[in-house]
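The values are calculated or read from the model by the stated rules, or taken from the named source; none is laboratory data. Since we're looking at a predicted model, the values are computed, not measured. Every residue, glycine as well, gets a Cβ built from its backbone with ideal geometry; the counts of neighbours run over all protein chains shown. Areas reflect the complete protein model, heavy atoms only, side chains present, ligands, DNA and RNA absent. Shrake-Rupley method; radii C 1.70, N 1.55, O 1.52, S 1.80 Å.
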Amino acid sequence: MEPLLLVLLVVLLGGALLWWRRERAAREARNLADVQADARRWYERLGGQVMNLGGEDPAVRQALADAAERYHAAGSQLEQARSITQYRLARETAVEGLTYIRAARLALGMDPGPPLPSLAAASGAGELTVPRQVEVQGQTFKAGPQPGQDTPYYYPGGRVRGRPVPAGWYSTPWWKTALGAGVGVLGGMLIADALFSPSFGDPGYDAAAAGGFDEAGDVGADFGGGDFGGGDFGGGDF
């Protein structure tokens, strides 16, 4: 009798294990399908905006060019995605593209549309609230919360060499140079120091919430870190 009970127990345990594995696989498949559908929804929304918007203003053209770049990057990521993490990365890229679309619509004087999900890469970076103008190595750099002839480059917020850079409009995409090497890195970080260090007045965002700046030697300390605290979501600026 005892051997029979043992066999029944083994069969029941085996059946329970098989059921659990099937349920887990089904749950994972549903989760994967959900994040895939969500990523494609944002990607398609971005594509529709990229195709339908246009303008001759430099700020509009630049924002739409950045949005189109994110659209192509998100499409490539979707084609290669096989995991939940990869689909979430594609979604982040598409949402980032839509932040540029939102910026272009504002530059066109249009309703920017409904709010977008927060970008992980921009967490804690804040937004510019006041115009800034600084001189760095003989060049003038401007930044502000609104697009203009002197500030046609939009940045959705993020971290350059571990340093928070708030969302806003800039006179030049100096953050791209700061991702390079040698003199470009130093120049980019000097610009960040000048634009956002609290010693230069109101940096235009909550410096404490964004991590603040270590003004003494902060430029050199940042060289050892990654390009952005939030990861490379966009395949371009970020």
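Is it the case that the stretch 88-109 has a residue that's under 20 Å from Asn31 (Cα atoms) and part of a loop (DSSP other than H, G, I, E, B)?
no
Going by what's in this entry, would Gly48 be described as out of contact with any helix residue (DSSP H, G or I) (no Cβ under 9 Å at 6 or more places or on another chain), modelled with pLDDT under 95 and not in a loop (DSSP other than H, G, I, E, B)?
yes
Does any residue of the stretch 172-191 turn out to be modelled with pLDDT of 85 or more, at negative phi and out of contact with any strand residue (DSSP E or B) (no Cβ under 8 Å at 6 or more places or on another chain)?
No, that holds for no residue.
Quick one: in the stretch 132-148, of everything that is at pLDDT 90 or above and not in a strand (DSSP E or B), which residue is surrounded by the fewest Cβ atoms within 10 Å (Cβ to Cβ)?
That would be Gln146.
In this structure, does Tyr71 turn out to be in contact with a strand residue (DSSP E or B) (Cβ under 7 Å, 6 or more places away or on another chain), open to solvent by less than 50 Å² (accessible area, probe 1.4 Å), under 30 Å from Ala33 (Cβ atoms) and not in a loop (DSSP other than H, G, I, E, B)?
no
List every residue pair whose Cβ atoms sit under 8 Å apart, with the two residues 6 or more apart in sequence or on different chains, where the first one lies in the stretch 107-125 and is open to solvent by 40 Å² or more (accessible area, probe 1.4 Å) and at pLDDT 90 or above and the second, anywhere, is in a loop (DSSP other than H, G, I, E, B) and of a type in the set (A, V, I, L, M, F, W, C).
Leu108/Leu53; Ala120/Phe233
I'd like the residue in the stretch 21-38 that is farther than 29 Å from Glu92 by Cβ and at pLDDT 80 or above and, out of all such residues, is least open to solvent (accessible area, probe 1.4 Å).
If we take residues in the stretch 21-38 being farther than 29 Å from Glu92 by Cβ and at pLDDT 80 or above, then Arg21 is least open to solvent (accessible area, probe 1.4 Å).
Here is a yes/no grid of residues against (1) within 15 Å of the chain's Cα centre (by Cα); (2) on the phi > 0 side of the Ramachandran plot:
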{"residue": "Leu78", "(1), (2)": "no, no"}
{"residue": "Ser83", "(1), (2)": "no, no"}
{"residue": "Glu92", "(1), (2)": "yes, no"}
{"residue": "Gly109", "(1), (2)": "no, yes"}
